[in-house]
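These notes concern the structure reproduced below.
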Amino acid sequence: QKKEWAKLKNEPSKTKDGVQVELVANIGTPDDVEGVENNGSEGVGLYRTEFLYMGREDLPSEDEQFEAYKKVVEQMGERPVVIRTLDVGGDKELPYLNLPDEMNPFLGFRAIRLCLEKDDIFRTQLRALLRASVYGNLKIMFPMIATLDEFRQAKQMLEEEKNQLQAEQVNVGEEIEVGIMVEIPSTAVMAPQFAKEVDFFSIGTNDLIQYTMAADRMNEQVSYLYQPYNPAILRLVKMVIDASHAEGKWTGMCGEMAGDEVAVPLLLGLGLDEFSMSATSVLPARSQLSKLTKAEAVKTAEKALEMNSADEVEALVREQYL
Ligand code: PEP
Ligand code: MG
């Protein structure tokens, strides 16, 4: 199997009936790029920047961030690198921000909510991203967007920092794609409206599942409710993909589900454009895709959407493909 995977390293990700999708990797630091290269990934679908902010005493400076982002996009050349702005709070704490304890950290002051409020932190990151964007194919992605208004505010700050840098004669990329993570059900439901304003979606199923099922992703006692194959999740995924395509935009997925062998045929059938996963899953997924046809996957997905439970969906996929 390993040999078969290795042969696919420099091949495009194509189904048996010739449909091409993009298989990219999730990274946490510039050092992870090596693994991206070794595993034949076509780009980076999620760069979790919070690791730059963690395990230290204070915030990383604009220059420090610029160097990290530049290093990644330069190494990736023309290949896309989707960089997610700071997503702290929830399970990822930054002690030096001295934030008050919360009853429900996953429902609290985190990610874009924190960035819009503490906008000096956010603007520093945006400037670093804008400066790094001239060195490669950098795309910016905002996490935990719940309302259109949040997206517009974040985009507005990005525009302001871009204008400011240009006024300072600093080079910034002209055509940077700006997208959002879809990890809150309200945003999936409102995808048709968002699709008119964003350049792309990336579905964050790790959180989307926890928020849709109201089951803490860290709590063992309710883990039986953490159901990636639940038709409720598949329906939300479909809404997002269809909405993006109606506006000529693309949808990716960067939660664990994107590299899961049961989910892959379903996601292909639902029309997902980009699958972002841990680097070591890229070649196995490419191999799996090469043996599927889109035509058959579409039929499987249609059946799954009408089913009553995650177990039924899983049994259907296993019987048909695994
Ligand atoms: C997600 O929620 O699916 C995701 C990719 O983000 P994180 O796991 O970093 O919350
Ligand atoms: Mg998330």
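Most exposed first by the Cβ proxy, i.e. fewest other Cβ within 10 Å, how do L129, L322 rank?
L322, L129
What does the net charge come to around P105 if you take all other residues with beta carbon closer than 13 Å to its beta carbon, with K and R at +1 and D and E at -1?
-3
Just flag the GluC sites (Glu not before Pro) in the stretch 143-196 sitting in loop per DSSP whose Cβ has no more than 16 other Cβ atoms within 10 Å.
E168, E174, E175
With +1 on each Lys and Arg Cβ and -1 on each Asp and Glu Cβ, and nothing else charged, work out how big the dipole of the stretch 1-119 is about its Cα centre, in Debye to the nearest 20.
Around 700 debye, computed over the stretch 1-119.
Tell me what the chain gives for mean residue ellipticity at 222 nm when only DSSP H runs of n ≥ 4 count, each as -39,500 (n - 2.57), the sum divided by the residue total, rounded to 500 deg cm²/dmol.
So the helix-based figure for the chain works out to -13500 deg cm²/dmol.
What whole number of Å gives the distance from the Cα centroid of the stretch 11-52 to the Cα centroid of the stretch 190-249?
Their Cα centres are 21 Å away from one another.
Let's see if you can work this out: charge +1 on each Lys and Arg Cβ, -1 on each Asp and Glu Cβ, no other charges. What is the dipole magnitude of the stretch 226-322 about its Cα centre, in debye to the nearest 20?
Using Cβ point charges on Lys, Arg, Asp and Glu, the stretch 226-322 gives about 240 debye.
Provide V19, V240 in ascending order of the number of other Cβ atoms located within 10 Å of each residue's Cβ, fewest first.
By the 10 Å Cβ count, ascending: V19, V240.
If we sort 193-202, 133-142, 56-65, 292-301 on the protection proxy, mean other Cβ atoms within 10 Å, highest first, what's the order?
133-142, 193-202, 292-301, 56-65
What is the sum of charges around Y226, taking Lys and Arg as +1, Asp and Glu as -1, for the other residues whose C-beta is under 13 Å from the C-beta of Y226?
-4
How many percent of DSSP beta bridges within the stretch 61-217 run antiparallel, rounded to 5?
Of the beta bridges lying entirely in the stretch 61-217, close to 10 percent run antiparallel.
What pairs in K71/K238; K249/K294; K238/K291; K118/K162 have C-alpha atoms more than 30 Å from each other?
Checking Cα-Cα distances, K71/K238 exceed 30 Å.
Considering only the chain, what is the antiparallel percent among its DSSP beta bridges, to the nearest 5?
10 percent
Sum up the charges of everything whose Cβ sits under 13 Å from the Cβ of Q75, counting Lys and Arg as +1 and Asp and Glu as -1, but leave Q75 out.
-4
May I ask you to list, by number, the DSSP H helices of the chain whose Cα span along the axis is at least 27 Å and whose average Kyte-Doolittle hydropathy reaches 0.5 or more?
Helices passing the filter in the chain: none found.
Bear in mind that the values in this text are calculations on the coordinates, not laboratory data. Here the structure is a predicted model, which is why all the values come from computation and not from measurement. Every residue, glycine as well, gets a Cβ built from its backbone with ideal geometry; the counts of neighbours run over all protein chains shown.
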